[in-house]
Amino acid sequence: MEKGNIMGGNMKIIESKRIVNVIKEDLIRVVDSLNKTPKLAIIQVEGDIASNSYVKNKRKLGAELGIIVQHVLLPSDTKQEDVINITNQLNNDKDTDGIIIQLPLPSHINERVVLDNIDPDKDVDGLGTTQIGYLNTQSFKTLIPCTALGVIIMLQNLTNLEGKDVVIVNRSHLIGKPLQVILTKENATVTLCHSRTKNLREKMKNADIVITGIGKAKYFDKSYFSDGQIIIDCSMNRGDDGKLCGDVKVEDLNDLDVEIASGIGHTGLFTVLSLMINTINAKKMKEI
């Protein structure tokens, strides 16, 4: 198991940036070896301020890896049919390997309809109904949702997953459900928890690995964890002090012997990295 930087007592912060940088070097070599440069298209409808930063990070990493990133920015009053028409153009564009719809969308656009209109072979966010089906049937065409894939990559760089007891506090198609499938395939034992789960604190304390994604700032304090755990916090919230933070009250864990990734510079890095990995894989599958 990799040991990160020490913070406080025995708690160790996982060196997410170092792991990502190593993987980036490998991806640059992979992109260089391809017959044609991969291309990702991002469709964004204006309205969510945070999305601007997320798109900027995706474009930046794409440039670093040698991946073409096309950003289609649409006004906030764009009609659903216009989003679908643009998606169809990209579906039919042989040079476009991956397509994502930047979420969230304005309320007048049906997210499920728009996501399901993406060609499944170009659905590099892995959120369309067909890709969800591919994941659950373990198809070779599966493109794993990016946050979930990012968590798996991080964990694989920290520990052997076989036989581990994993508790996930999230049941979305972005995180919890795909992680349950993948971790089970890795021979881990997975408990998927949510707001109605009984004895959540005990379940979390007894796990080898805890993954959270409830979207509540500093909700989980020291009482939810125990020595020897790996904790992956997938949420990004704004605390009472106005600062960005995760679900876990990190400063409360100083005396625990745990490894943790929480807040800025952790799962978000792996999520963007996973989007590029999926784009490269979509390119490769198209050439099979």
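The values are calculated or read from the model by the stated rules, or taken from the named source; none is laboratory data. Keep in mind that this is a model prediction, so the values were computed, not measured. Backbone-built Cβ (ideal geometry, glycine too); neighbour counts: all protein chains shown. With ligands, DNA and RNA removed, areas are computed over all heavy atoms of the protein, side chains included. Shrake-Rupley method; radii C 1.70, N 1.55, O 1.52, S 1.80 Å.
Six or more apart or on different chains, Cβ under 6 Å: which pairs go from a residue in the stretch 238-250 that's under 9 Å from residue 219 (Cβ atoms) to one that's assigned to a strand (DSSP E or B) and open to solvent by 20 Å² or more (accessible area, probe 1.4 Å)? Could you list them?
Close Cβ pairs satisfying both conditions: none exist.
Just for the stretch 1-31: of the residues that are of a type in the set (Gly, Ala, Ser) and at pLDDT below 95, which one is least open to solvent (accessible area, probe 1.4 Å)? It would help to see each step written out before you state the result.
Applying the first criterion (of a type in the set (Gly, Ala, Ser)) to the stretch 1-31 yields 4, 8-9, 16.
Add one more test, that the residue is at pLDDT below 95, and what stays is 4, 8-9.
Numbers: 4: 14, 8: 63, 9: 32 Å².
Looking at residues that are of a type in the set (Gly, Ala, Ser) and at pLDDT below 95, I get 4.
Being open to solvent by less than 50 Å² (accessible area, probe 1.4 Å), of a type outside the set (Phe, Trp, Tyr) and under 11 Å from the mean Cα position of the chain (by Cα) is the filter here; which residues of the stretch 258-288 pass it?
Answer for the stretch 258-288, where residues must be open to solvent by less than 50 Å² (accessible area, probe 1.4 Å), of a type outside the set (Phe, Trp, Tyr) and under 11 Å from the mean Cα position of the chain (by Cα): 266, 267, 268, 271, 272, 273, 274, 275.
If a residue has to be within 22 Å of the chain's Cα centre (by Cα), open to solvent by less than 50 Å² (accessible area, probe 1.4 Å) and more than 16 Å from residue 151 (Cβ to Cβ) to count, how many in the stretch 229-257 make the cut? If you could, list the steps in order and put the result at the bottom.
First pass over the stretch 229-257, keeping only residues within 22 Å of the chain's Cα centre (by Cα): 229-239, 243-250.
Retained after the next criterion (residues that are open to solvent by less than 50 Å² (accessible area, probe 1.4 Å)): 229-235, 237, 239, 245-248, 250.
From the residues that got through so far, the ones that are more than 16 Å from residue 151 (Cβ to Cβ) too are 237, 239, 245, 250.
Residues flagged as within 22 Å of the chain's Cα centre (by Cα), open to solvent by less than 50 Å² (accessible area, probe 1.4 Å) and more than 16 Å from residue 151 (Cβ to Cβ) within the stretch 229-257 amount to 4.
Mind telling me which of the residues 42, 28 ends up being farther than 30 Å from residue 225 by Cβ and part of a helix (DSSP H, G or I)?
Exactly one residue qualifies, and that residue is 28.
What number of residues in the stretch 44-73 are over 19 Å from residue 268 (Cα atoms), open to solvent by less than 40 Å² (accessible area, probe 1.4 Å), of a type in the set (Val, Ile, Thr) and free of Cβ contacts under 8 Å to residues at least 60 places away in the same chain?
Result for the stretch 44-73: 1.
Looking at the stretch 194-212, is at least one residue within 30 Å of residue 35 (Cβ to Cβ) and either of a type in the set (A, V, I, L, M, F, W, C) or open to solvent by 10 Å² or more (accessible area, probe 1.4 Å) (or both)?
Checking the stretch 194-212: not a single residue is within 30 Å of residue 35 (Cβ to Cβ) and either of a type in the set (A, V, I, L, M, F, W, C) or open to solvent by 10 Å² or more (accessible area, probe 1.4 Å) (or both).
Looking only at helices (runs of 4 or more DSSP H) that fall completely inside the stretch 138-216, which ones have 3 or more residues that are among the β-branched types (Val, Ile, Thr)?
Details: elements: 146-156, 176-185, 200-205.
Where helices (runs of 4 or more DSSP H) fall fully within the stretch 138-216 and carry at least 3 residues being among the β-branched types (Val, Ile, Thr), they are 146-156, 176-185.
Which residues, taken from the stretch 45-57, are part of a helix (DSSP H, G or I), at pLDDT 95 or above and within 22 Å of residue 84 (Cα to Cα)?
Answer for the stretch 45-57, where residues must be part of a helix (DSSP H, G or I), at pLDDT 95 or above and within 22 Å of residue 84 (Cα to Cα): just 55.
Would you mind stating whether residue 226 is over 22 Å from the mean Cα position of the chain (by Cα) and either part of a strand (DSSP E or B) or of a type in the set (S, T, N, Q) (or both)?
Yes: the conditions hold for residue 226.
Give the residue, chosen from 88, 21, that is touching a residue at least 24 places away in the same chain (Cβ under 8 Å), among the polar types (S, T, N, Q) and either part of a helix (DSSP H, G or I) or under 16 Å from residue 270 (Cα atoms) (or both).
Of 88, 21, the one residue that is touching a residue at least 24 places away in the same chain (Cβ under 8 Å), among the polar types (S, T, N, Q) and either part of a helix (DSSP H, G or I) or under 16 Å from residue 270 (Cα atoms) (or both) is 88.
Looking for whichever is among the charged types (D, E, K, R), in contact with an Asp or Glu (Cβ under 9 Å, 6 or more places away or on another chain) and either at negative phi or at pLDDT below 95 (or both) here; the options are 164, 205. Which one fits?
Values: 205 fails: in contact with an Asp or Glu (Cβ under 9 Å, 6 or more places away or on another chain).
The unique qualifying residue is 164.
Quick one: what pairs do we get from the stretch 217-233, first residue among the basic types (Lys, Arg), second part of a strand (DSSP E or B), C-beta under 6 Å, 6+ apart or different chains?
The qualifying pairs are 218/245.
Could you list, in sequence order, all residues of the stretch 104-139 that are within 22 Å of residue 280 (Cα to Cα) and free of Cβ contacts under 8 Å to residues at least 24 places away in the same chain?
The answer is 115, 116, 120, 128, 129, 130, 131, 133, 134, 137, 139.
Can you pull out every residue in the stretch 96-128 that is assigned to a loop (DSSP other than H, G, I, E, B), open to solvent by 10 Å² or more (accessible area, probe 1.4 Å) and charged (D, E, K, R)?
Those that are assigned to a loop (DSSP other than H, G, I, E, B), open to solvent by 10 Å² or more (accessible area, probe 1.4 Å) and charged (D, E, K, R): 119, 125.
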